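For reference, the structure is listed below as structure tokens.
The values are calculated or read from the model by the stated rules, or taken from the named source; none is laboratory data. Predicted model, so just to flag it, every value in this text is computed and none were measured. Because the Cβ atoms are built from the backbone with ideal geometry, glycine has one as well, and the counts that use them run over all protein chains shown.
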Amino acid sequence: MTLTAFGEVPVGKALLRRNAKAGDSVFVTGQIGDGALGLRAARGQLPGISTADSAWLVDRYQRPRARVSVGPGLLGYAHASADVSDGLVADLGHITEASGLSARIQVDSVPLSDAAKRVLQVDPSLVQTVLTGGDDYELVFAAPSSVRQHLDALSRSTGVAITEIGRVDDGKGVTVMDPTGKPMLLSRGGYAHG
């Protein structure tokens, strides 16, 4: 099956990856990690979790919730955006690379579902899967902190959480900071297209 979607955007208002600015905050919609954990649950690779948590995660993997209600509300407020399909670190990396900048995110600021939190209690090493696994189809975007009030109103009107997770700065790459303030070592950034 092939699906093609078409849409319109006001002239000059498209949210591209390349327009992030140093000093922008990094925000993400919804919750991160459910898609990748859901794939593992569907394959029986998450021993020790409840049937309910497994069902929740598999549903999130099989039926992602595209954030089409949030995207239009970012026009004129966010500088750059990408969907989280390749993994949070990889997709934020697409923004920083295209913008010629870097980003630093706090692992304990990344929003997780209750099911994902319980999975990480059983196996904390799966935090790497959460950060790099992909298939969440949330939005990661860079915007000035001055638009926070608008983003809060957008979150309320759409019912989609919008969480600040880090900052854009000069430099290159994406760094994930652990709860003690040290950079985390990740074995991969996310899905790499052939």
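Here's the yes/no breakdown for (1) farther than 19 Å from residue 130 by Cβ; (2) touching a Ser or Thr at 6+ places or on another chain (Cβ under 9 Å); (3) among the acidic types (Asp, Glu):
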{"residue": "41", "(1), (2), (3)": "no, yes, no"}
{"residue": "51", "(1), (2), (3)": "yes, no, no"}
{"residue": "61", "(1), (2), (3)": "no, no, no"}
{"residue": "70", "(1), (2), (3)": "yes, yes, no"}
{"residue": "76", "(1), (2), (3)": "yes, no, no"}
{"residue": "79", "(1), (2), (3)": "yes, yes, no"}
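Residues of the stretch 87-109 include none that is within 19 Å of residue 42 (Cβ to Cβ) and of a type in the set (A, V, I, L, M, F, W, C). Residue-level analysis places residue 168 outside the set of residues that are within 28 Å of residue 40 (Cα to Cα) and either in contact with a Leu (Cβ under 6 Å, 6 or more places away or on another chain) or not polar (S, T, N, Q) (or both).
For the structure I just gave you, tell me whether residue 24 is at pLDDT 95 or above and within 27 Å of residue 123 (Cα to Cα). Here the answer is no, as residue 24 does not meet what is asked.
Of the strands (runs of 3 or more DSSP E) lying entirely inside the stretch 76-145, those carrying at least 3 residues that are within 12 Å of the chain's Cα centre (by Cα) and under 24 Å from residue 63 (Cβ atoms) are 80-83, 139-143.
With the requirement that a residue be assigned to a loop (DSSP other than H, G, I, E, B), over 12 Å from the mean Cα position of the chain (by Cα) and basic (Lys, Arg), what does the stretch 55-75 give you? 63, 65, listed by residue number. Considering only residues that are of a type in the set (A, V, I, L, M) and surrounded by fewer than 20 Cβ atoms within 10 Å (Cβ to Cβ), look in the stretch 59-108 and name the one that is modelled with the lowest pLDDT. Out of the qualifying residues, it is 66. Beta carbons closer than 7 Å, at least 6 apart along the sequence or on distinct chains, pair a first residue in the stretch 74-94 that is within 22 Å of residue 148 (Cβ to Cβ) with a second that is of a type in the set (S, T, N, Q) and part of a helix (DSSP H, G or I) for 80/99. Going by what's in this entry, would residue 187 be described as in contact with a helix residue (DSSP H, G or I) (Cβ under 8 Å, 6 or more places away or on another chain), part of a loop (DSSP other than H, G, I, E, B) and among the polar types (S, T, N, Q)? Against the criterion (in contact with a helix residue (DSSP H, G or I) (Cβ under 8 Å, 6 or more places away or on another chain), part of a loop (DSSP other than H, G, I, E, B) and among the polar types (S, T, N, Q)), residue 187 qualifies.
Restricting 46, 15, 3 to those that are without any contact (Cβ under 8 Å) to a residue 12 or more places away in the chain, among the aliphatic types (A, V, I, L, M) and part of a loop (DSSP other than H, G, I, E, B) reduces the list to 3.
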